[in-house]
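*Asks:* Below you will find the structure I want to go over with you.
The values are calculated or read from the model by the stated rules, or taken from the named source; none is laboratory data. This one's a predicted model, so the numbers in the text were calculated from it and none came from an experiment. As a convention, Cβ positions derive from the backbone with ideal geometry for all residues, glycine included, and neighbour counts pool all protein chains shown. The accessibility values were calculated without ligands, DNA or RNA, using every heavy atom of the protein model including side chains. Shrake-Rupley method; radii C 1.70, N 1.55, O 1.52, S 1.80 Å.
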Amino acid sequence: MGKRVVIALGGNAILRPNQKATFENQMENVGISTDSISDVKKAGHQVIITHGNGPQVGNILRQNEEAKEVVPQLPLHVLSAQSQGFIGYMMEQSLKNALLSKNISGNVVTVLTQTEVDAADKAFENPTKPIGVFYTEEESKQLTIEKGWDMAEDAGRGYRRVVASPQPKKIHGVDSIKALIENDTVVISTGGGGIPVVSDEKGLLSGIEAVIDKDLSGLRLSEQVDADVFMILTDVNNVYLNYGKADQKKLETVTVEEANQYVAEGHFAAGSMGPKMEAAIAFASQGKEAIICSLENAVDALEGLSGTRIVLGSGTK
């Protein structure tokens, strides 16, 4: 019996470190990624895909900045929508081609997805997520006056705009996503964490300047679509304790209690494995299965033969 699986793709699935962000490079990377995902569909599972958009939305933001004297600048939530559509197009086309070439049934659809956050989220009081290009100190002061931007020095390289990274409350359009996957369709959704929006007292939506963590949005999506498995794909096939050290230890099956202990001991970096473990633990705490593994081993991981599994029950190995 197939499982309902939400697959969260890491950034390298679209653009690799130090690789030029041409369309051709990104399309080639996406083709490799979707070929592996097609095997998950072939194994009989229902598949929902979510993905990051960091390099892509950053480049669109830079284009926005560079052309501001010619073309009016657009708000960040609109740029998020642009990147979600661009990446969704590449994934949808590549995955359709992969399914066709392997004679696998099913369609593929990209759903441009809004993610609702709380306008009162404390993250808006202390924006910390750097985005866009670097500025001098004088330019940053001017931008604060002219546009009301929050600016911060970034590792000695100059000043950048910083925005809030609030918690995702609700993924919009989930009823449609569930109807699609029940009709033999792979759905690409909530790219880059989703387009950040807030609602007023009447429930009316509007965009807001923010960046939502893609792993936490993937968690919320997994919960709302009633997924059996939340699978986070990374560059490594397992989570490790003491990663990169002589005594590093590979984790295979880990309970929620054990995983929380490892987090408390500081084994997972805040900028890399930390958010992934946080999201995986939260999903597994509901009695479901969370998996962190590499893209090429996704099918084996679903069979319990590869990767790191976080579960509510017993047994570390």
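*Asks:* Could you grab me the full set of residues in the range 214-228 that are in a loop (DSSP other than H, G, I, E, B) and surrounded by fewer than 19 Cβ atoms within 10 Å (Cβ to Cβ)?
*Replies:* Asp226, Asp228
*Asks:* For residues that are open to solvent by 70 Å² or more (accessible area, probe 1.4 Å) and more than 17 Å from the chain's Cα centre (by Cα), tally how many sit in the range 60-92.
*Replies:* Total satisfying the criteria: 9.
*Asks:* Right, another one. Quick check on the range 229-240. Is at least one of its residues open to solvent by 60 Å² or more (accessible area, probe 1.4 Å), more than 19 Å from Gln46 (Cβ to Cβ) and in a strand (DSSP E or B)?
*Replies:* No, the range 229-240 contains no residue that is open to solvent by 60 Å² or more (accessible area, probe 1.4 Å), more than 19 Å from Gln46 (Cβ to Cβ) and in a strand (DSSP E or B).
*Asks:* Please tell me if Lys102 is of a type in the set (D, E, K, R) and either closer than 29 Å to Glu223 by Cα or free of Cβ contacts under 8 Å to residues at least 12 places away in the same chain (or both). Steps first, please.
*Replies:* Numbers: of a type in the set (D, E, K, R): yes; either closer than 29 Å to Glu223 by Cα or free of Cβ contacts under 8 Å to residues at least 12 places away in the same chain (or both): no.
Criteria not met by Lys102.
*Asks:* Among the residues of the range 175-196, are any part of a strand (DSSP E or B), touching a residue at least 40 places away in the same chain (Cβ under 8 Å), within 13 Å of Ser217 (Cβ to Cβ) and open to solvent by less than 10 Å² (accessible area, probe 1.4 Å)? Walk me through how you get there before you give the answer.
*Replies:* Step one: list which residues in the range 175-196 are part of a strand (DSSP E or B), which gives 185-189, 195-196.
From what's left, touching a residue at least 40 places away in the same chain (Cβ under 8 Å): 185-189, 195-196.
With within 13 Å of Ser217 (Cβ to Cβ) added as a condition, the list becomes 189, 195-196.
With open to solvent by less than 10 Å² (accessible area, probe 1.4 Å) added as a condition, the list becomes 189, 196.
Scanning the range 175-196 turns up at least one residue that is part of a strand (DSSP E or B), touching a residue at least 40 places away in the same chain (Cβ under 8 Å), within 13 Å of Ser217 (Cβ to Cβ) and open to solvent by less than 10 Å² (accessible area, probe 1.4 Å).
*Asks:* Hey, another quick one. Would you point out the residue of the range 119-174, among those that are under 12 Å from Glu209 (Cβ atoms) and open to solvent by 70 Å² or more (accessible area, probe 1.4 Å), that is modelled with the highest pLDDT?
*Replies:* Filtering the range 119-174 for residues that are under 12 Å from Glu209 (Cβ atoms) and open to solvent by 70 Å² or more (accessible area, probe 1.4 Å), the one modelled with the highest pLDDT comes out as Asp150.
*Asks:* Residue by residue through the range 216-267, note down the ones that are among the small types (Gly, Ala, Ser), over 26 Å from Ser36 (Cα atoms) and touching a strand residue (DSSP E or B) at 6+ places or on another chain (Cβ under 6 Å).
*Replies:* Ala259, the sole residue that qualifies.
*Asks:* Tally up the residues in the range 139-170 that are in a helix (DSSP H, G or I), of a type outside the set (S, T, N, Q) and touching a Phe, Trp or Tyr at 6+ places or on another chain (Cβ under 9 Å), please.
*Replies:* Residues in the range 139-170 being in a helix (DSSP H, G or I), of a type outside the set (S, T, N, Q) and touching a Phe, Trp or Tyr at 6+ places or on another chain (Cβ under 9 Å): 3 in total.
*Asks:* Scan (1) modelled with pLDDT under 95; (2) closer than 26 Å to Lys178 by Cα for the single condition Ala21 breaks and write down its number.
*Replies:* Failed condition: (2).
*Asks:* Then there's this: Consider Gly207 carefully, then state whether it is on the phi > 0 side of the Ramachandran plot, buried (at least 16 other Cβ atoms within 10 Å of the Cβ) and in contact (Cβ under 8 Å) with a residue 40 or more places away in the chain. Steps first, please.
*Replies:* Values: on the phi > 0 side of the Ramachandran plot: no; buried (at least 16 other Cβ atoms within 10 Å of the Cβ): yes; in contact (Cβ under 8 Å) with a residue 40 or more places away in the chain: yes.
It is false that Gly207 is on the phi > 0 side of the Ramachandran plot, buried (at least 16 other Cβ atoms within 10 Å of the Cβ) and in contact (Cβ under 8 Å) with a residue 40 or more places away in the chain.
*Asks:* Moving to a separate point now. What is the number of the single condition among (1) touching a Ser or Thr at 6+ places or on another chain (Cβ under 8 Å); (2) within 29 Å of Glu209 (Cβ to Cβ) that Thr34 does not meet?
*Replies:* (2)
*Asks:* Is it the case that Pro55 is closer than 19 Å to Gly132 by Cα, touching a residue at least 60 places away in the same chain (Cβ under 8 Å) and open to solvent by 40 Å² or more (accessible area, probe 1.4 Å)?
*Replies:* Answer is no for this residue.
*Asks:* Please enumerate the residues belonging to the range 274-317 that are under 19 Å from Lys214 (Cβ atoms) and without any contact (Cβ under 8 Å) to a residue 12 or more places away in the chain.
*Replies:* If the condition is that a residue be under 19 Å from Lys214 (Cβ atoms) and without any contact (Cβ under 8 Å) to a residue 12 or more places away in the chain, then Gly274 is the only one that fits.
*Asks:* Continuing with the same structure: Can you name every residue in the range 258-284 that is surrounded by fewer than 18 Cβ atoms within 10 Å (Cβ to Cβ), assigned to a loop (DSSP other than H, G, I, E, B) and under 20 Å from the mean Cα position of the chain (by Cα)?
*Replies:* Ala269, Ala270, Gly271, Ser272
*Asks:* Which condition from (1) in contact (Cβ under 8 Å) with a residue 40 or more places away in the chain; (2) open to solvent by less than 30 Å² (accessible area, probe 1.4 Å); (3) over 16 Å from Gly85 (Cα atoms) is the one that Gly44 breaks?
*Replies:* Only one criterion in (1) in contact (Cβ under 8 Å) with a residue 40 or more places away in the chain; (2) open to solvent by less than 30 Å² (accessible area, probe 1.4 Å); (3) over 16 Å from Gly85 (Cα atoms) is unmet by Gly44, namely (2).
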